[in-house]
Amino acid sequence: MRLAIILTLLLTLTTHAFAKKNKLDYAGLETDYNNLVYDEKYKDFAKSEKQIAKKSVEALINNKVKRKYREQALYQAKHNIAFARLVAEEQWIQNEISQENIKAQQLEVAISKTQAELARHDAELARMMLIAQQEEAQRAYERANQAELLAKNSQNEAELSKQETQAAKAYAQAQAEEAELAKQEAELANEEAQSLRRKLNSIATEKTDKGLMMTLGDFVFDSGKSTIKKEAVDNFSKVVSFINTYPNKKVRIEGHTDSSGSNELNLQLSQQRADAVKSLLIKNGIATKMINAVGMGEELPVAENTTKAGKAKNRRVEIIILQ
């Protein structure tokens, strides 16, 4: 009888301790779940994973799991909570990256607008200067006509006045032609600058085996030279923004040529162009240690070198964000 009472007490204490342990485990499980669900940072993310975690937690708390499966269910519930948190963190990070990309694009648009406004201002200034030159030429022409009329009043001075008049007319005509030529040159320069700016701003990126790549065509350089055009230097912001999007990635710059000329000269020209792009990137704040410039010559064409269009495609500089 006494032994039976002792066994009963031991069984009761053991059951109570086990129940208390399970209760504490469920309380901790519920706390972990609540910390996940009510975390404002991850409120809008991993909704389906949170729902799975919720069902597994509620099944345990509401005693809907058979005793022999509770330990496994408890482990699965903890796993579901941890997985939901990982998914939420990943989605939150992706959302932050998207927001930063949007801000970067908005900033790039603002910079482009500012540059366009400066270009319009320069064009307007050039136009006003041309108008002033044309007006001066017109006044000179009128003065020449007046001199011609005065010259007719004196026969003795007629020849001299005629010569002066002809000289003045020639000067006026030269001024007018110079003004017109300057106007045409300004318009051509403005059109070329606008065309180059559009080409730079329309450069797309593509994924390759080496990494994310942006290709600069031969329009960035003068023909047969490694000097970057001034208009390209002034509008290099998209290239810099492309690299700054991946601040911790190494950058490889590859120069390429077509098959015209000797292999040695092509290799030298491709290296010089790659170095020119590298130098410009460094001037724009890209760390020197992150950039490697390599001349590839004519060895890796992307088109046939038998046509003018194919050769133009092969004359390029590739900027690669290495994987």
Open item on the list: Report the Cα centroid-to-centroid distance between the range 108-143 and the range 26-96 in angstrom, as an integer.
Closed with: 67 Å
Open item on the list: Below 12 angstrom from the Cβ of Arg252, what's the summed charge of the other residues (Lys, Arg +1; Asp, Glu -1)?
Closed with: +2
Task: Residue-count net charge about Leu265 - beta-carbon cut-off 12 Å; Lys, Arg +1, Asp, Glu -1 - done: -3
Open item on the list: With 10 angstrom as the radius, rank Val220, Val233, Val65 by how many other C-beta atoms surround their C-beta, starting from the fewest.
Closed with: Val233, Val65, Val220
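May I ask for the net charge around Gly211, where only other residues with Cβ less than 13 Å from the Cβ of Gly211 are counted and Lys, Arg are +1 while Asp, Glu are -1?
+1
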Open item on the list: Can you report the principal axis dimensions of the range 48-109 using only the alpha carbons, biggest first, rounded to whole angstrom?
Closed with: 62, 15, 11
Open item on the list: Two decimals, Cα atoms only, Kirkwood Rh: what is Rg/Rh over the range 205-322?
Closed with: 0.95
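We did not get these values from a lab; they are worked out from the coordinates using the rules stated. Here the structure is a predicted model, which means the values were calculated and not measured. Cβ atoms come from the backbone with ideal geometry, glycine included; neighbour counts cover every protein chain shown.
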